[in-house]
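Scroll down for the structure; my scribbles are underneath it.
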Protein chains: 2
Amino acid sequence: MSFKTDIQIAREAKKQPIQDIGAKLGIGSDDLLPYGHDKAKISQEFINSVQDRENGKLILVTAINPTPAGEGKTTTTVGLGDGLNAIGKKAAVCIREASLGPNFGMKGGAAGGGYAQIVPMEEMNLHFTGDFHAITSAHNLLSAMIDNHIYWGNELEIDERRVTWRRVLDMNDRALRDTVTSLGGVANGFPRQTGFDITVASEVMAILCLSNNLADLQKRLGDMIVAYRRDRSPIYARDVKADGAMTVLLKDAMQPNLVQTLENNPAFVHGGPFANIAHGCNSVIATTTALKVADYVVTEAGFGADLGAEKFMNIKCRKAGLAPDAVVLVATIRAMKMNGGVAKADLGAENVDAVNEGCANLGRHIGNLKQFGVPVVVAINHFVTDTDAEVQAVMDYVEGQGSEAILCQHWEKGSEGTKELATRIAEIADAGVSQFAPLYKDELPLFEKIERIATSIYRADEVLADKKIRDQLKTWEDAGYGHLPVCMAKTQYSFSTDPNLRGAPTGHSVPVREVRLSAGAGFIVVICGEIMTMPGLPRHPAAENIRINDEGLVEGLF
Amino acid sequence: MSFKTDIQIAREAKKQPIQDIGAKLGIGSDDLLPYGHDKAKISQEFINSVQDRENGKLILVTAINPTPAGEGKTTTTVGLGDGLNAIGKKAAVCIREASLGPNFGMKGGAAGGGYAQIVPMEEMNLHFTGDFHAITSAHNLLSAMIDNHIYWGNELEIDERRVTWRRVLDMNDRALRDTVTSLGGVANGFPRQTGFDITVASEVMAILCLSNNLADLQKRLGDMIVAYRRDRSPIYARDVKADGAMTVLLKDAMQPNLVQTLENNPAFVHGGPFANIAHGCNSVIATTTALKVADYVVTEAGFGADLGAEKFMNIKCRKAGLAPDAVVLVATIRAMKMNGGVAKADLGAENVDAVNEGCANLGRHIGNLKQFGVPVVVAINHFVTDTDAEVQAVMDYVEGQGSEAILCQHWEKGSEGTKELATRIAEIADAGVSQFAPLYKDELPLFEKIERIATSIYRADEVLADKKIRDQLKTWEDAGYGHLPVCMAKTQYSFSTDPNLRGAPTGHSVPVREVRLSAGAGFIVVICGEIMTMPGLPRHPAAENIRINDEGLVEGLF
């Protein structure tokens, strides 16, 4: 039995003109700003015009802890969207944009897989509609304006040792992590040590994805802290007068992008913040717009449910006033086996015991999600190598947890493979049984918010943080930032901070290494372990083999 | 009498859908990749399909040496294009794209002015169709791959002290001119001193603008020299295997952009290399495509005729096999007065003597252009403050030079103001009287090429270059680069290398400070004087006042 690759399937897609996709959502062609024939941005005027409409149902797709075996979260998001459309519902999916830089290191990713993909795949892995380039420009304009302010007399009395605002590129470039700038003499400014992050790690990215509109965007950009004075008082982006120009640079990037699935159903692909130092969800404006034009909106969040779903609920939903009507928790037999201790090389053999072992990870996520008051359905993303006994083991386990699991075959069959899941999810969403509430109130002290997540979600015994970190949190509370949610940055591979501790560990501690204030995005980043904000390229980067072949097709990107 | 500003006029434009503009050139909507409703890229398939057609007539618009008074070269390019269409000819204009970075320093520029403009003006001053972002990405991917190669063992034995390839941003940021990268320890690579240029100064930009197609682009990218070994042997971009991936990043950017004039005539706006260290012309692919679909193509080149027209003829036309059928030399009464010694503050008063004095600059440009065998018409770009006596003085002078001058009022009247010029230019172009030849043969030794330009165009007595520079040129000749044209980088304000020496100086010397090999673009850069490749922001950057106003319009960018 031989299968087509994702890129082969994507290239065979019978795409419809993007105007036809917009028409399915009642978006006229005047309100679609086309980028080529198969991508468009939705006009601000249209978005403004639908604000008074009722919202559709919101469905979150999340997953167990990821393993190298893959769990297929995006694939399931796309498959469920197509499944809902196939059973006659008006549904749209919302996912994140891909970062350009990493595609030249490891191979680029499809948006979905098999017969559950979003197209055009190549453009989504390259410049797409230019959103990330706009974010890079806006971020670096602010950087230039800060150094320029210091150069021309430093009226604001910025302490150049305490400029926290770095620069960004959408590129994997380890040489830029740690740099000295402004060398070369008087005309080039005051030398100082700084560096570059990858664009998706920019606070501007997080802000773009959390803003309700352009006015909100500009306010948040102005609120960003970029430096401190010698007396430790903060300098805001507003103080160097960068917020207006940054907003102008971002005005098109704020408009959600519309593309389509292989089955010609609408897909919003917009924004892509890091899922560790930021919240890892597609943009609020895409999700809220989709909710105005579709009856069901299927979206996803980065990494496993301990990070992605937690942040989706505690950060994105809290800030945007959203409430999920149902949650789909994706698991694969292969990932369960790896959580159960099987090495990647041994995944081919049936191993019901390992599946049973790995179910502990699944079970904890189910329990965690229920704490948010949301109904949970497990989607088993079927691989052709899965045996019936393995699948049955998961079914039985989930039933034992008082929940339900549904086998999905969208990778192989498209919407045909998710009709059962779609039917059940639509029933649950329509029933209005969700009683969503975030895990903690705004008023809870910052350190207690961290503890709440660590004990309730990670099931750790304690949070370890030295006095300096606790004092820093207190200082922010005194400065009026105590109501912010916390944004946890830890490994995605484990409930703990040790990536090798799979399954459902207990008895562990969560050490906080550093805390950072993202005053514009509106959260406190809590760093537990090593977090890399500028990746490097591997020994043999994918870029070495990327080229346009004789048929004019891009080779090596996938 | 009160006049509307350029931006007011541009915002009142009655734009036609870009498909209608394409239709005027016989480009179907399937062959236009729209970016919004008023911009499009022309498909590679279409470009391929018209290669066997006859070329239209090529008209170059150039100017006297620029002064702070402005000479209106782009305005005249647009006005002439509209004029040709108004007299029933099928004409298109070709100009360069604007760089994003500088717009946040000084105010952004209109594309043209008054009633001779190209729209949409805002987009052209912001991200436009993303071409410059693609160039930034491609350039910096190569940078990352070089450092990555050194990091993973340096099989090519790159001398990290001799990495000549820097990084780029489309931003005015003096802090990045001179940097140290790869600090922070083993994981970040080998520290070395390097820096950033502005994107328009990238050799990738020059290459994009000189390439005939994607295969040519990839070959030239591969030919770029990025570093040297300890034995001084060169490392090419091809050696680090970056050329294929860079081509993939640039494949959309290679497609020319189509927009329109205020009078709804087609305008190609594509590419924008620096006019000092590069050749300062819009892309070859835009010009050659325009020549296949229009009967008359009006294009321009950067700075005055001593730099822009010289490079257009000796670099762009030589490499692309183009030959101009006529040249329009733009002059304004105000710029003539400044070349005649009048200060900017005193330009308001009639001063026929100063005009006569300044005519020396005009006269020398006329003579220079005739050396290329092309017919020249002087266009006097009329300002409402010009007096009849001043205009007559120029008319008389030009007649005395055996040439002709025509008064143009396109700024005030659009195509109505250029019908006379258009009629005459069409006559000349149709007559086929041009006997174009570049100023020197490929075979001339490199230093003699420099001397030929310095003595024939700048009318200098001599070229000064120390032994090190002459030896370097010899080395390149021995390495097979002797056939390349030279790309002069000197001040645009004077025929000499002293920006204050206006008019038509003689008896001066041209000191060569440095020479650089752009092996991919295919020219030797000859640097005479200080050339800045990364601008800084002024004390009060325009960015401080750029914002979106309550009506949703961009303020402060113009």
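Below are the figures for this structure:
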| item | result |
| --- | --- |
| Subset of region A:521-534 that is of a type in the set (A, V, I, L, M) and at pLDDT below 95 - its residue that is least open to solvent (accessible area, probe 1.4 Å) | A:Ile531 |
| Failed item, numbered, when A:Leu501 is tested on (1) more than 14 Å from every other protein chain (Cβ to nearest Cβ); (2) assigned to a loop (DSSP other than H, G, I, E, B); (3) closer than 24 Å to A:Met171 by Cβ | (3) |
| Matching residues in region B:167-186 - criterion: being in contact with a helix residue (DSSP H, G or I) (Cβ under 7 Å, 6 or more places away or on another chain) and more than 20 Å from A:Asn148 (Cβ to Cβ) | B:Thr181, B:Ser182 |
| Answer residue from region B:154-170, given it is of a type in the set (Val, Ile, Thr) and open to solvent by 10 Å² or more (accessible area, probe 1.4 Å) and is nearest to the other protein chains (Cβ to nearest Cβ) among those | B:Val163 |
| Elements of type strands (runs of 3 or more DSSP E) contained in region B:86-192, each with 2 or more residues being more than 24 Å from the chain's Cα centre (by Cα) | B:158-163, B:179-181 |
| Any chance A:Arg470 is among the charged types (D, E, K, R), in contact (Cβ under 8 Å) with a residue 24 or more places away in the chain and surrounded by fewer than 22 Cβ atoms within 10 Å (Cβ to Cβ) | no |
| When residues of region B:203-226 are limited to those that are surrounded by fewer than 23 Cβ atoms within 10 Å (Cβ to Cβ) and hydrophobic (A, V, I, L, M, F, W, C), the one nearest to the other protein chains (Cβ to nearest Cβ) | B:Leu214 |
| Selection status of B:Thr62, of a type outside the set (Phe, Trp, Tyr), open to solvent by 10 Å² or more (accessible area, probe 1.4 Å), outside any loop (DSSP other than H, G, I, E, B) and over 29 Å from A:Ile42 (Cα atoms) | no |
| Matching residues, region B:540-550, being more than 7 Å from every other protein chain (Cβ to nearest Cβ), open to solvent by less than 60 Å² (accessible area, probe 1.4 Å), without any contact (Cβ under 8 Å) to a residue 24 or more places away in the chain and outside any loop (DSSP other than H, G, I, E, B) | none |
| Number of the exception - B:Tyr151 against (1) under 29 Å from A:Ile150 (Cβ atoms); (2) open to solvent by 10 Å² or more (accessible area, probe 1.4 Å) | (1) |
| Qualifying positions in region B:354-384 - surrounded by 24 or more Cβ atoms within 10 Å (Cβ to Cβ) and within 18 Å of B:Lys344 (Cα to Cα) | B:Val355, B:Gly358, B:Cys359, B:Asn361, B:Asn381 |
| Which numbered condition A:Thr199 fails, given (1) within 14 Å of another protein chain (Cβ to nearest Cβ); (2) under 19 Å from the mean Cα position of the chain (by Cα); (3) open to solvent by 10 Å² or more (accessible area, probe 1.4 Å) | (3) |
| Filtered residue count, region A:115-124, keeping only those that are touching a helix residue (DSSP H, G or I) at 6+ places or on another chain (Cβ under 9 Å) and surrounded by fewer than 24 Cβ atoms within 10 Å (Cβ to Cβ) | 2 |
| Residues located in region A:470-522, provided they are farther than 18 Å from A:Pro445 by Cα and of a type in the set (S, T, N, Q) | A:Thr491, A:Gln492, A:Ser494, A:Ser496, A:Thr497, A:Asn500, A:Thr506, A:Ser509 |
| Any hit, region A:496-507, residues being aliphatic (A, V, I, L, M), open to solvent by less than 70 Å² (accessible area, probe 1.4 Å) and under 30 Å from A:Leu58 (Cβ atoms) | yes |
| Pairs with Cβ under 7 Å, 6+ apart, first in region A:244-272 and closer than 16 Å to A:Asn212 by Cα, second open to solvent by less than 10 Å² (accessible area, probe 1.4 Å) and among the acidic types (Asp, Glu) | A:Ala253/A:Asp131 |
| Candidate set: region B:311-327, residues that are more than 23 Å from B:Ala426 (Cα to Cα) and touching a strand residue (DSSP E or B) at 6+ places or on another chain (Cβ under 7 Å); chosen: the one surrounded by the most Cβ atoms within 10 Å (Cβ to Cβ) | B:Lys311 |
| Condition met for A:Glu530 (within 14 Å of chain B (Cβ to nearest Cβ) and among the acidic types (Asp, Glu)) | yes |
| Subset tally (residues that are among the polar types (S, T, N, Q) and either touching a Pro at 6+ places or on another chain (Cβ under 6 Å) or within 30 Å of B:Leu484 (Cβ to Cβ) (or both)) for region B:503-558 | 4 |
| Residue within region A:208-218 that is within 19 Å of the chain's Cα centre (by Cα), under 23 Å from A:Met171 (Cα atoms), in a helix (DSSP H, G or I) and not aromatic (Phe, Trp, Tyr) present | yes |
| Long-range neighbours under 7 Å by Cβ, at least six apart or interchain, first residue within 19 Å of A:Ala187 (Cα to Cα) within region A:142-171, second among the basic types (Lys, Arg) and modelled with pLDDT under 95 | none |
| Selection count where residues are crowded, with 16+ Cβ neighbours inside 10 Å and without any contact (Cβ under 8 Å) to a residue 12 or more places away in the chain, scope region A:408-465 | 1 |
| Set B:Leu537, B:Leu553: member being open to solvent by 10 Å² or more (accessible area, probe 1.4 Å), among the aliphatic types (A, V, I, L, M) and within 14 Å of chain A (Cβ to nearest Cβ) | B:Leu553 |
| Test: residue in region B:230-237 that is touching a Gly at 6+ places or on another chain (Cβ under 9 Å), buried (at least 24 other Cβ atoms within 10 Å of the Cβ) and more than 8 Å from chain A (Cβ to nearest Cβ) | yes |
| Selection status of A:Ala393, in a helix (DSSP H, G or I) and either among the charged types (D, E, K, R) or surrounded by fewer than 23 Cβ atoms within 10 Å (Cβ to Cβ) (or both) | yes |
| Residue list for region A:126-135, restricted to those being crowded, with 24+ Cβ neighbours inside 10 Å and either in contact with a Lys or Arg (Cβ under 8 Å, 6 or more places away or on another chain) or in contact (Cβ under 8 Å) with a residue 40 or more places away in the chain (or both) | A:Thr129, A:Asp131, A:Phe132, A:Ala134, A:Ile135 |
| Enumeration of residues in region B:1-45 that are open to solvent by 80 Å² or more (accessible area, probe 1.4 Å), assigned to a loop (DSSP other than H, G, I, E, B) and among the charged types (D, E, K, R) | B:Lys4, B:Glu12, B:Lys14, B:Lys15 |
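The values are calculated or read from the model by the stated rules, or taken from the named source; none is laboratory data. Note that the structure is predicted; figures quoted are calculated from it, not measured. Every residue, glycine as well, gets a Cβ built from its backbone with ideal geometry; the counts of neighbours run over all protein chains shown. Protein only, heavy atoms only, side chains kept; ligands, DNA and RNA dropped before computing areas. Shrake-Rupley method; radii C 1.70, N 1.55, O 1.52, S 1.80 Å.
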